[in-house]
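**Student:** Following this message is one structure expressed as structure tokens.
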Amino acid sequence: MGFVNIRKTVQWQRRTMEIYLLRHGIAEEPGVGGRDSDRALTAEGREKLRRVLKRVYAAGVRPGVILASPYKRAMETAQMAAETLEYRGEIVKTPALIPDASPEDAWNEISSRRNEDAILLASHEPLMSSLAAFLLSAPSLQVDMKKGAVMRLDCGHFGPAPHATLKWMLTAALA
């Protein structure tokens, strides 16, 4: 009987995956009658994001997959990350990363790719801070995820509830 429980525990364990949460850069103000999903990055947003991504590249970040919200500013952010981090794969658009998506849906996207060594998610607030708290098993944790910020969390547990460890966070002000 004890072996069954050990097997179940081992089944959920694996090597550590690096999870990078990247909030999109500064975006255009919403236009009258315009859709939020169509807002693009500003020139300032691109420049600050470029500085952050260059530092992330220098730190050795090389995602095996990039997931992004289908919103224009998140896709532009993901494309900049792909270029800077020398990512050669396709960017995967997913509604699990829209601003009001649930952390559980984002977790399902992450855990379905548990064989990756590193994964980058380009998304928005309020999802990014609530996802960070969810991954850290601290749902009441308050995270101030600035535009263009990136956070690294390491996760080696892919059961129904994640158990990640915060490794670092970089904002445009620090880059």
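**Student:** Output the number of the condition that PRO63 fails; it satisfies all remaining conditions of (1) assigned to a strand (DSSP E or B); (2) in contact (Cβ under 8 Å) with a residue 40 or more places away in the chain.
**Tutor:** So the condition that PRO63 fails would be (1).
**Student:** Are any residues in segment 74-104 under 20 Å from ALA161 (Cβ atoms) and surrounded by fewer than 16 Cβ atoms within 10 Å (Cβ to Cβ), and if so, which ones?
**Tutor:** SER102, GLU104
**Student:** Can you tell me how many residues within segment 19-60 are outside any loop (DSSP other than H, G, I, E, B), within 22 Å of VAL143 (Cα to Cα) and over 15 Å from the mean Cα position of the chain (by Cα)?
**Tutor:** Pass one, segment 19-60, residues outside any loop (DSSP other than H, G, I, E, B): 19-23, 27, 36-38, 41, 43-58.
With the extra rule that they be within 22 Å of VAL143 (Cα to Cα), the set shrinks to 19-23, 27, 45, 48-49, 51-53, 55-56.
Within this subset, residues satisfying the condition of being over 15 Å from the mean Cα position of the chain (by Cα) are 27, 45, 48, 51, 55.
Qualifying residue count for the region: 5.
**Student:** When you go through ALA101, ALA68, ALA96 one by one, which is the residue that is closer than 25 Å to PRO126 by Cβ and in contact with an Asp or Glu (Cβ under 6 Å, 6 or more places away or on another chain)?
**Tutor:** Exactly one residue qualifies, and that residue is ALA96.
**Student:** On to the next question. Anything in segment 147-156 that is farther than 12 Å from TYR20 by Cβ and surrounded by fewer than 19 Cβ atoms within 10 Å (Cβ to Cβ)? List them, or say none.
**Tutor:** Hit for segment 147-156 is GLY156, nothing else.
**Student:** So ALA68 clears everything in (1) touching a helix residue (DSSP H, G or I) at 6+ places or on another chain (Cβ under 9 Å); (2) over 22 Å from GLU29 (Cβ atoms); (3) modelled with pLDDT of 95 or more except one condition, right? Which one?
**Tutor:** Here ALA68 meets the rest and fails (2).
**Student:** Would you check which residues across segment 134-145 are crowded, with 21+ Cβ neighbours inside 10 Å and either farther than 14 Å from ALA106 by Cα or touching a Gly at 6+ places or on another chain (Cβ under 8 Å) (or both) and list them? Break it down into steps so the answer makes sense when it comes.
**Tutor:** Looking only at segment 134-145, we keep the residues that are crowded, with 21+ Cβ neighbours inside 10 Å, and these are 135, 145.
Answer for segment 134-145, where residues must be crowded, with 21+ Cβ neighbours inside 10 Å and either farther than 14 Å from ALA106 by Cα or touching a Gly at 6+ places or on another chain (Cβ under 8 Å) (or both): just MET145.
**Student:** Could you please find all residues in segment 58-100 being on the phi > 0 side of the Ramachandran plot and charged (D, E, K, R)? Give the derivation first.
**Tutor:** Let us first name the residues in segment 58-100 that are on the phi > 0 side of the Ramachandran plot, namely 60, 86.
Hit for segment 58-100 is GLU86, nothing else.
**Student:** If LEU131 satisfies every condition in (1) in contact with a helix residue (DSSP H, G or I) (Cβ under 6 Å, 6 or more places away or on another chain); (2) surrounded by fewer than 20 Cβ atoms within 10 Å (Cβ to Cβ) but one, which is the exception?
**Tutor:** So LEU131 meets the others, but not (2).
**Student:** Moving to a separate point now. Can you list residue pairs whose Cβ atoms sit under 6 Å apart, with the first residue in segment 112-126 being among the small types (Gly, Ala, Ser) and the second being not in a strand (DSSP E or B)? Count only pairs 6 or more apart in sequence or on different chains.
**Tutor:** Between residues of segment 112-126 that are among the small types (Gly, Ala, Ser) and residues that are not in a strand (DSSP E or B), the close pairs are ALA118/PRO63; ALA118/GLY64; ALA122/ALA74; ALA122/THR77; ALA122/ALA78; SER123/SER69; SER123/ALA74; SER123/LEU97.
**Student:** Working carefully through the options ALA118, ALA172, find the one that is at pLDDT below 95 and in contact with a Gly (Cβ under 7 Å, 6 or more places away or on another chain).
**Tutor:** ALA172
The values are calculated or read from the model by the stated rules, or taken from the named source; none is laboratory data. In this text, all values refer to a predicted model and were calculated from it rather than measured experimentally. Cβ: placed from backbone, ideal geometry, glycine included. Neighbour counts: every protein chain shown.
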